[in-house]
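For reference, the structure is listed below as structure tokens.
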Amino acid sequence: MKKVAIVIAMAMMVACGQPSREVKQYTIEQFFDNLSISGGSFSADETRLLVTSNQTGIYNVFSLRVDGSGEEQFTFSEKESMFAISYFPEDDRFLFSSDRGGNEISHIYMQDEDGTVSDLTPWEGAVSSFGGWARDGESFFFVSNRRDPRYFDLYEMSIETLEPEMIYENLENLSPALISNKRRYLVLTMPVTTSNEEMYLRDRETGETRHISAHEGDATYSPTDFSLDDRILYFLTNEGSEYTYLAAMNLETGEKEVVYRDDWDVMYASNSHQERYRVIGINEDARTVVKIYDLSSGKEVSLPEFEGGDITGVSISRSEELIRLSVGSSTSPGDIHVYSFSDGGLAKLTSTLNPEIDEGDLVTGEVIRYPSFDSLEIPAILYKPHQASRKNKVPALLWIHGGPGGQSRLGFSSLIQYFVNQGYAILAVNNRGSSGYGKTFHNLDNKRHGEDDLLDCVYAKNYLDGLGYVDMDKVGIVGGSYGGYMVMAALAFQPEAFAVGANIFGVTNWIRTLRSIPPWWEGQKKALYDELGDPGTLDSVRLYRISPLFHAENVTKPLIVLQGANDPRVLKIESDEIVEAVSQNGVPVEYVVFDDEGHGFRKKENQIEGYGKILQFLDKHLKGTGGA
């Protein structure tokens, strides 16, 4: 039941000297009544968009009319999350995916125009993932590990017969990544290490497979598109560069050329259906910058500007007349707009921020940098509560992203905004090893996890201290997945650095985790072992040393742990054991387990319960206000 929002007057001047203003504090229920909407596949007649929305409390599939006049709900699940994939190219059937309780064993489903649902990949225990439509629209591609749990084979399914045909059997641990428009070429990739990914081209007519990413030094390769005539392969690479750029290869001559380069990573690139436009997404200092080029003129296309928001993702209709724009900011969840290239018409299709919340009460993230123990500049995002000032100091939390190799970005987070609204400063740290800052920075934590990256977090306290509005006796650390590991590493290896820790499904025993990774990660296992260590070798000595479970006696500060029972990545036993071990120290420990979740919490009721308990824990053990 929602509580009445509490209005508090800011009596103090904020540290930067801005005048005080009233700030409304909102409940956890209000923050998680924001909508999460994603996707945007155009229908065949381009009058609707297929999207995923959690407005029912769990993810379901909806259709939005592109003129902004309304929506229609297509799936009505109350138990399992369902994620939109795509409308069929010529009719109103659509594909969606779903697993069971977050176990990540996803199947591909089809819903017919009369509402009938069919499981197109009904193989028990097999993971199946959509790989795109054939150019002629008569079939679609998908990968599945039904033959061998370790490897993904490539299948093609006719939309007439709905019978799958294996068109590539993965016997060499080469992952299918992209098939050409005329079906002749198949691009295969193989991650050797996290900084070295190879690319191969298989000619389906001759059966020849050739290595097309020969290079010196470390470099990654990822295919993005073929030209319509199959002569050119477009791909992302960081060969000879700190940052990833878009390149092209002539498949007849083997010649490569740079298509687009920036001072930041190019995250994605694609051509529209008839190659009129090229879309490029750039990771510019933790925010997304989208550029679209008219390929006939080479000029950049002007897009609508959104005050206080960034375009974070786009999709262009098959007619190349309409474009779906996803727009968001750190103070507003992503909304979907549709823009017409020809007449400039713009329709807003969603309003995802809970109307009970005044966006002015939320806090815009600020990108900052601070020096670590070795003077390396560490990027981070700062969220300062409106009520914070030198005369009204507030507690603070370090927020540590997942990964390893993830990145905190300037997008909306209901949880971060909830904490900040309740009076906690947040510093989202992009420690060494994070992506988005060049390959040198990305590789700095290889086989140094729990050491140098942890010190980056500890040294963040110096930055917080310099702000003048943080109560330095009240600094905690929060994180999920790899970030949860960092929480436990901080409490075990730097036991006096932080006053409390909130571990959300974090690794605590690297030896077991690396030995029990899901079988469908076989293709990435070698790269993962290269970065973290192979538990079957002498690396196990170091993995033991950096695993918090084996040093739990050092944990002296209050701890809360959240875990999904069906998590295939960080097994529930990881959290069970660390909770039991730390409890032996007489330390306050709370443990929240969701039987219907996996690696991440999808259901609103679980988010409200779990994250609400974190705030109660922080209020009691960090802020010191008792906590209900």
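The values are calculated or read from the model by the stated rules, or taken from the named source; none is laboratory data. Not measured: the values here are computed from a predicted model. Neighbour counts run over all protein chains shown; Cβ positions are idealised from the backbone, glycine included.
Quick notes
- Meets criteria (of a type outside the set (Phe, Trp, Tyr), in the same structural domain as residue 505 (by TED's automatic domain parsing) and more than 22 Å from residue 477 (Cα to Cα)) for residue 590: no
- Filter result (exposed (fewer than 14 other Cβ atoms within 10 Å of the Cβ) and at negative phi) within the stretch 48-76: 67, 69, 72, 73, 76
- Residue under evaluation residue 285, criteria (1) in contact with a strand residue (DSSP E or B) (Cβ under 6 Å, 6 or more places away or on another chain); (2) closer than 25 Å to residue 134 by Cβ, criterion not met: (2)
- Candidate set from the stretch 515-568 (those that are in a loop (DSSP other than H, G, I, E, B) and among the hydrophobic types (A, V, I, L, M, F, W, C)); member that is farthest from residue 601 (Cα to Cα): 538
- Any chance residue 279 is within 30 Å of residue 382 (Cβ to Cβ) and assigned by TED's automatic domain parsing to the domain that holds residue 320: no
- Criterion applied to 378, 368 was being under 23 Å from the mean Cα position of the chain (by Cα), part of a strand (DSSP E or B) and surrounded by fewer than 19 Cβ atoms within 10 Å (Cβ to Cβ), and the one residue passing it is 368.
- Some residue of the stretch 127-138 being more than 20 Å from residue 39 (Cα to Cα), in contact with a His (Cβ under 9 Å, 6 or more places away or on another chain) and surrounded by 18 or more Cβ atoms within 10 Å (Cβ to Cβ): yes
- Just one of the numbered conditions (1) outside any helix (DSSP H, G or I); (2) within 30 Å of residue 127 (Cβ to Cβ) is not true of residue 574: (1).
- Test result for residue 257, under 27 Å from residue 365 (Cβ atoms) and charged (D, E, K, R): no
- Being more than 26 Å from residue 134 (Cβ to Cβ), at pLDDT 95 or above and surrounded by fewer than 16 Cβ atoms within 10 Å (Cβ to Cβ) is a property that holds for residue 294.
- Among residues of the stretch 391-422, those that are out of contact with any Cys (no Cβ under 8 Å at 6 or more places or on another chain) and not in a loop (DSSP other than H, G, I, E, B), counted: 13
- For the condition small (Gly, Ala, Ser), within 21 Å of the chain's Cα centre (by Cα) and either part of a loop (DSSP other than H, G, I, E, B) or surrounded by fewer than 18 Cβ atoms within 10 Å (Cβ to Cβ) (or both), residue 360 does not qualify.
- Test result for residue 85, in contact with an Asp or Glu (Cβ under 9 Å, 6 or more places away or on another chain), of a type in the set (Val, Ile, Thr) and either within 23 Å of residue 318 (Cα to Cα) or not in a strand (DSSP E or B) (or both): no
- Selection within the stretch 139-161: residues that are within 25 Å of residue 317 (Cα to Cα) and of a type in the set (A, V, I, L, M, F, W, C). The member of this set that is surrounded by the fewest Cβ atoms within 10 Å (Cβ to Cβ) is 159.
- Test: residue in the stretch 352-371 that is in contact with a Gly (Cβ under 7 Å, 6 or more places away or on another chain) and touching a residue at least 60 places away in the same chain (Cβ under 8 Å): yes
- Pair list, Cβ < 7 Å and 6+ apart or interchain, from the stretch 61-88 residues that are outside the structural domain of residue 325 (by TED's automatic domain parsing) and farther than 20 Å from residue 114 by Cα to residues that are assigned to a loop (DSSP other than H, G, I, E, B) and among the polar types (S, T, N, Q): 66/47
- The lone exception for residue 310 - which of (1) surrounded by fewer than 18 Cβ atoms within 10 Å (Cβ to Cβ); (2) under 22 Å from residue 347 (Cβ atoms) it fails: (1)
- Across the stretch 533-580, the number of residues qualifying as small (Gly, Ala, Ser), surrounded by fewer than 20 Cβ atoms within 10 Å (Cβ to Cβ) and over 15 Å from residue 511 (Cβ atoms) comes to 1.
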